[in-house]
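For reference, the structure I am asking about is given below.
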Amino acid sequence: MSTAGFNSQNGTGTGQTYANGPSQNPVAPQQLPGVGYGAPHQPTYNAMQAKAPPTPAHPGLYPSGPYQPVTPVCSYQPGPPHTSYPAPSGQSLLPRPPVGGPPPHTPPQSASPGPRLPAAQATPPPPAVSSSSYYANPQHPVAPAWQYNAAPPPMGPPATVNAPPRGPAPRHANPASNSTGPPPPSVYSPAPAAPAPAPHHVPHGGPQPPGPRMPRTPQHGYTQPGTAPPPMTPMSPDAYQPNRAPYGPPPTGPPPAMKPAAPPPIGPPMANATPPPPRADGNGPPDPSSYNHGDHHMGVPPQQPGTPGLHLGHYPSLPPGYQNTPSPMHPAIQAATQPNTQGPQPYPQPHGGPGLSPSLASLSLQASTPEALRVVNLLQERNLLPPTPIPAPTPCLQQDLQKINCHPEVFRSTLTSIPQTQSLLNKAKMPLGLLLHPFKDLSQLPVVTSSTIVRCRSCRTYINPFVSFLDQRRWKCNLCFRVNDVPEEFMYNPVSRSYGEPHRRPEVQNATIEFIAPSEYMLRPPQPAVYLFILDVSHNAVETGYLTVFCQSLLDNINALPGDARTKVGFITFDSTIHFYNLQEGLSQPQMLIVSDIEDIFLPTPDSLLVNLNECKELVQDLLKSLPTLFEKTMETQSALGSALQAAYKLLLPTGGRMSIFQTQLPNLGVGTLHSREDPNLRAAAKDVQHLSPATDFYKKLALDCSGQQVAVDLFLLSSQYCDLASLGCISRYSAGSVYYYPSYHHQHTPAQVECFQKDLKRYLTRKIGFEAVMRIRCTKGLSIHTFHGNFFVRSTDLLSLPNVNPDAGFAVQMSIEENLDDMQVVSFQAALLYTSSKGERRIRVHTLCLPVVNSLSDIFAGADVQAITGLLACMAVDRSATASLSDARDAMTNAAIDSLTSYRQSVLTIQQPGLLAPACLRLFPLFILALLKQKAFRTGTSTRLDERLFAMCQLKYQPLVYAMLMIHPALYRVDDLTDEGALSISERTVPQPRVLQLSVEKLSREAAFLMDAGTVMYLWIGRHCPLSFLTQVLGVTSYAAVPDNLYLLPELDTPESQRTRAFVGWLRDQRPFFPSLLVVRDESQLKPSFMQNMIEDRTESALSYYEFLLHLQQQISK
């Protein structure tokens, strides 16, 4: 059994199997390295299957059958075409890269989703490729299939639960059997799984019974080009307001003598149906005691009318938070009343149906085409990059539903229109998955305190805005369709302080909400906040000077550590021995206890090593002041990290908590010893990169032990030497921790990294934290989740164990369609995160996302989210690099672009045209794939340190999508001519908004200055003939030659140019939780190669230019 950390099995030697990260469900059968999942009801899309003819390198990502050959449609000529790609003087434009000739035959497609024979066995090997070829090794054997759209085989018979008969399911009203009006509204949304608790939690979850579903509809709701959703209304007084008291129980005694409101008729009449009332009204003052918003709040701001393409909630003026404005309630609703003495009545629903517009199947016959499906010839339209950040696409839902849908920064799908069947998904050849940022810091977050949390009795879905109320006393789950009773307490609305309005409760008005859990969600008292710091104090560590920065930062922020009166802290230092610190109350100074027996580690005084912070704060402060000088003369060069981790685990075993490791070299003593596996001479090798998997399973096993005891491990790596991040990173990955990496850190030689470390450490110490957390993702019946990406441990088939959860962690999941969705209009997804706050409260944060179901390929393509697809493919490629090889991952990403554009050309386009054609929504897909191929994680032929490559892979798997996209495709701005035109006004600051430029040297000018935002680092490139005004008024120097090489801070000058530049850089930094360092680059600077490597559209010695890459894609698609 492999011990590779990226593999899905752990190999503990005991026969016990652990699943995590890229793995599939632990109960699913073992797959080949491609992590494939076969749909039981049909063959799945297999991209690794032999194509005709083969690509110049290894096969790619989707399992799929051979394409039907089509007549080549490219009429591009290297002469004077109407394209803006100029040919260099004296050269013609590059023709197509060399590829293999046509095969003697095309092998038939197999009915099995398993891997195919290598292409070399079906076709003759392609001719040799030139040294400038896009692929490093064209003779490499075919990689195993990468299947990501197939459903795993069923693991057992479905559970049977008494449920209503299958049939049409109303959204919020009884269906109209023979209605002449619009179809009955319907909304389904996945309810978040109540995370099955840790040892002290009450397990939840249950079987999902068959139940009625929505009738099929061929409609969609695409907005026509040039239109935008109407602006949203301002927040009503009945909506959640900050600083309200938490929801309490309803008043005791009999209910007041009031009559529930009945809505007036709205819209066209429907047979046997009551139309839905609009949502919360703005009449009347807010109730200050009705409920609590907690520390963070979330919402969606109004969208500016007339701005096509902007999704609801896209507002660059308010990063990174956002505000929620619920839709208003109809004014007449409060006036209308109705007796409530009869039996079940048709109940008013809070929202209308999805309102899908006519199908896109006959687009060629329509006069107008959705902007997302506008045909783009990538070889002729060069300036495709929008001048502003790309918004997430808006699902084609009825407007009332879209207003309350989950924000895309929190919950996002690769396809905003879900295919009805797996075969339709396979035909589209695009991945289906979700990207989550579940614990994100939110500007508005409704917090509900209630003794009863309403959930489906069958699947344990939390009640949400997309359920159906059959009447006042019954609601239908939007995931399993079971009809549930409305509890008596839920009849009381704490916002309006009235009875009989369950559909106006905040749980049914917000797609993101947080509950303060009652006592049944815990079996033991919530754990306190416990922080243990493990510090490397070897000679190498002291030389870097990090210890001084750490101690000072902790002293500055010690009062800001999240926690309460129970908060505990402890310290362990190590070199060749382990040093503990007795901080017991009553001591005059800290007492150091040294344990030299690292082979059998023990705790010298277990009761006094973790101390209450409030009671022993002075001793803690004394220790932090003395630590930097305590080891300044040390000559110890060895590092017993493994033994220090074992000691820390024993110390945290009774309580759980957070372990923070600061390491500066390769562990070389005791358990967990590692040896250098990097050959510096092979850093720029064009072939596969070795040693991307762990050298030992010691750190993974320890991480799994930590996870079982609610301990998370965060790793800070500060080293100029190779530290084997592939092995050390497992300690954080499998315990839901974080990894920070500062290569070549030195307190004097790299001041920019020192500043970055200081800012990151402050954020790390003070940010919100959740302890002993679990997360479950549920989806509508018929869909299934089979692969997870991120830092966690999979405790059961769908339950993620998160000993710590932080607001900077992202997750991704892959999905498949197990049952046809042809009787549904919408499907829902729900993520539920159960955690203990630093104040000792047990809380549940629930996010619900609703998406339409479509039955045509054109609708699927129109709803493609190119950024989410890119982010999910990056996670899958990281796994593929470890389980197979880096070249396999690169080929898989290339084939992802080929396959999706081929499917679009063959199945969506009604009129075949020459050129490389893509729908407008996927016009940036080839560019993003090329950016991934040139990203530090996957690039070849360029010198890349192994630890830096591994850290880039860690970030692609761990970072939320919005931050990962900057690391994949940086943003380039011209900053020497910033103006106030179009600027944002934020906190009395004027923030310029320069346009985003293409990543090509042709966009640079020696007479200008440019800022490149690459996510974790920013480059300020100064042209040799940059205007003197910029040099003097922004950089504070008198000439280009006077710009210092190590400049990393913009001086605070009292000039408009300086204020604009600093405001823009500060605004970019404020949009992310980590701190990107700023590096000033001149033509002569050693940093220039690093800057130029991000020019994705330009050719390098080892990689194609963007235009050459497009020609390669066109050649493969036209075969």
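The values are calculated or read from the model by the stated rules, or taken from the named source; none is laboratory data. Small disclaimer: the values here were computed from a predicted structure and weren't measured. Positions of Cβ are backbone-derived with ideal geometry, glycine not excepted, and every protein chain shown enters the neighbour counts. The area values use the complete protein model at the heavy-atom level, side chains included, leaving out ligands, DNA and RNA. Shrake-Rupley method; radii C 1.70, N 1.55, O 1.52, S 1.80 Å.
Can you tell me which residues in region 1005-1028 are hydroxyl-bearing (Ser, Thr, Tyr) and farther than 18 Å from Pro1089 by Cβ?
Taking region 1005-1028 as the starting set, the residues that turn out to be hydroxyl-bearing (Ser, Thr, Tyr) are 1005, 1016, 1019.
Ser1005, the sole residue that qualifies.
So, one more: Taking region 641-667, which residues are among the hydroxyl-bearing types (Ser, Thr, Tyr) and either within 31 Å of the chain's Cα centre (by Cα) or open to solvent by 30 Å² or more (accessible area, probe 1.4 Å) (or both)? Working first, answer last.
Residues of region 641-667 among the hydroxyl-bearing types (Ser, Thr, Tyr): 643, 649, 655, 660, 664.
Within region 641-667, Tyr649, Thr655, Ser660, Thr664 meet the criteria.
Then there is this: Looking only at region 580-589, decide whether some residue is touching a helix residue (DSSP H, G or I) at 6+ places or on another chain (Cβ under 6 Å), touching a residue at least 60 places away in the same chain (Cβ under 8 Å) and not hydroxyl-bearing (Ser, Thr, Tyr).
Checked region 580-589: no residue is touching a helix residue (DSSP H, G or I) at 6+ places or on another chain (Cβ under 6 Å), touching a residue at least 60 places away in the same chain (Cβ under 8 Å) and not hydroxyl-bearing (Ser, Thr, Tyr).
Here's another thing I want to ask about it. If you check Ile601 against the conditions, is it among the aliphatic types (A, V, I, L, M) and either open to solvent by 30 Å² or more (accessible area, probe 1.4 Å) or at pLDDT 95 or above (or both)?
no
Hey, any hits in region 597-606 for a residue that's in contact (Cβ under 8 Å) with a residue 24 or more places away in the chain, in a helix (DSSP H, G or I) and not aromatic (Phe, Trp, Tyr)?
Within region 597-606 (the criterion being in contact (Cβ under 8 Å) with a residue 24 or more places away in the chain, in a helix (DSSP H, G or I) and not aromatic (Phe, Trp, Tyr)), the answer is no, since none of the residues qualifies.
More than 22 Å from the chain's Cα centre (by Cα) and of a type in the set (A, V, I, L, M), is that true of Ala868?
no
Please give the number of the condition Thr416 fails out of (1) out of contact with any Pro (no Cβ under 7 Å at 6 or more places or on another chain); (2) closer than 29 Å to Ser858 by Cβ.
(1)
Quick check, is Gly670 buried (at least 24 other Cβ atoms within 10 Å of the Cβ) and either of a type in the set (Gly, Ala, Ser) or without any contact (Cβ under 8 Å) to a residue 40 or more places away in the chain (or both)? Break it down stepwise before answering.
Values: buried (at least 24 other Cβ atoms within 10 Å of the Cβ): no; either of a type in the set (Gly, Ala, Ser) or without any contact (Cβ under 8 Å) to a residue 40 or more places away in the chain (or both): yes.
Judged against the criteria, Gly670 is not a match.
Quickly run through region 916-969 and pick out the residues that are within 19 Å of Met430 (Cβ to Cβ), open to solvent by 20 Å² or more (accessible area, probe 1.4 Å) and either without any contact (Cβ under 8 Å) to a residue 60 or more places away in the chain or under 15 Å from the mean Cα position of the chain (by Cα) (or both).
Leu961
List pairs: first in region 619-637 and open to solvent by 80 Å² or more (accessible area, probe 1.4 Å), second of a type outside the set (A, V, I, L, M, F, W, C) and not in a loop (DSSP other than H, G, I, E, B), Cβ under 8 Å, 6+ apart or cross-chain?
Met635/His539; Thr637/His539; Thr637/Asn540
Considering only region 933-972, state which residues are part of a loop (DSSP other than H, G, I, E, B) and within 19 Å of Val866 (Cα to Cα).
Passing the criteria: Gln935, Gln959, Pro960, His969, Pro970.
A follow-up question, please. When only residues in region 892-932 that are outside any helix (DSSP H, G or I) and aliphatic (A, V, I, L, M) count, which is farthest from Ala1014 (Cα to Cα)?
Applying the filter and picking the extreme gives Ile911.
So Val483 fits all but one of (1) surrounded by 24 or more Cβ atoms within 10 Å (Cβ to Cβ); (2) at pLDDT 95 or above; what number is the exception?
(1)
If a residue must be in contact with a Pro (Cβ under 9 Å, 6 or more places away or on another chain) and open to solvent by 30 Å² or more (accessible area, probe 1.4 Å), how many such residues does region 1003-1028 contain?
2
For residues that are without any contact (Cβ under 8 Å) to a residue 60 or more places away in the chain and more than 32 Å from the chain's Cα centre (by Cα), scanning just region 553-572, find the one that is farthest from Phe602 (Cα to Cα).
Ala565
In the list Pro960, Pro970, which residue meets the criterion of being under 30 Å from Arg1006 (Cβ atoms) and not β-branched (Val, Ile, Thr)? Write out each step before concluding.
Details: Pro960 fails: under 30 Å from Arg1006 (Cβ atoms).
One residue alone meets the criteria, Pro970.
Among what's in region 1035-1047 and is of a type outside the set (Val, Ile, Thr) and more than 24 Å from Pro1076 (Cα to Cα), pick the residue that is least open to solvent (accessible area, probe 1.4 Å).
This residue is Tyr1040.
Which is open to solvent by 20 Å² or more (accessible area, probe 1.4 Å), among the aliphatic types (A, V, I, L, M) and either on the phi > 0 side of the Ramachandran plot or touching a helix residue (DSSP H, G or I) at 6+ places or on another chain (Cβ under 8 Å) (or both), of Leu1050, Leu1031, Leu1078, Leu1087?
Working: Leu1031 fails: open to solvent by 20 Å² or more (accessible area, probe 1.4 Å); Leu1078 fails: open to solvent by 20 Å² or more (accessible area, probe 1.4 Å); Leu1087 fails: either on the phi > 0 side of the Ramachandran plot or touching a helix residue (DSSP H, G or I) at 6+ places or on another chain (Cβ under 8 Å) (or both).
Only one candidate passes the filter, namely Leu1050.
I'd like the full set of residues that are in contact with a Gly (Cβ under 9 Å, 6 or more places away or on another chain) and surrounded by fewer than 21 Cβ atoms within 10 Å (Cβ to Cβ), limited to region 422-479.
Selection gives Asp441, Ser443, Thr449, Arg457, Asp471, Gln472.
Right, next: So, of the residues in region 864-873 that are within 14 Å of Leu927 (Cα to Cα) and in contact with a Phe, Trp or Tyr (Cβ under 9 Å, 6 or more places away or on another chain), which turns out to be surrounded by the most Cβ atoms within 10 Å (Cβ to Cβ)?
That would be Leu873.
Name the strands (runs of 3 or more DSSP E) wholly within region 711-824 that hold at least 2 residues that are of a type outside the set (Gly, Ala, Ser) and open to solvent by 20 Å² or more (accessible area, probe 1.4 Å)?
Working: elements: 711-719, 739-743, 770-779, 783-789, 799-805, 811-817.
Ranges flagged: 739-743.
Select, from Ser900, Ser881, Ser887, the only residue that is small (Gly, Ala, Ser) and open to solvent by 10 Å² or more (accessible area, probe 1.4 Å).
Among Ser900, Ser881, Ser887, only Ser887 is small (Gly, Ala, Ser) and open to solvent by 10 Å² or more (accessible area, probe 1.4 Å).
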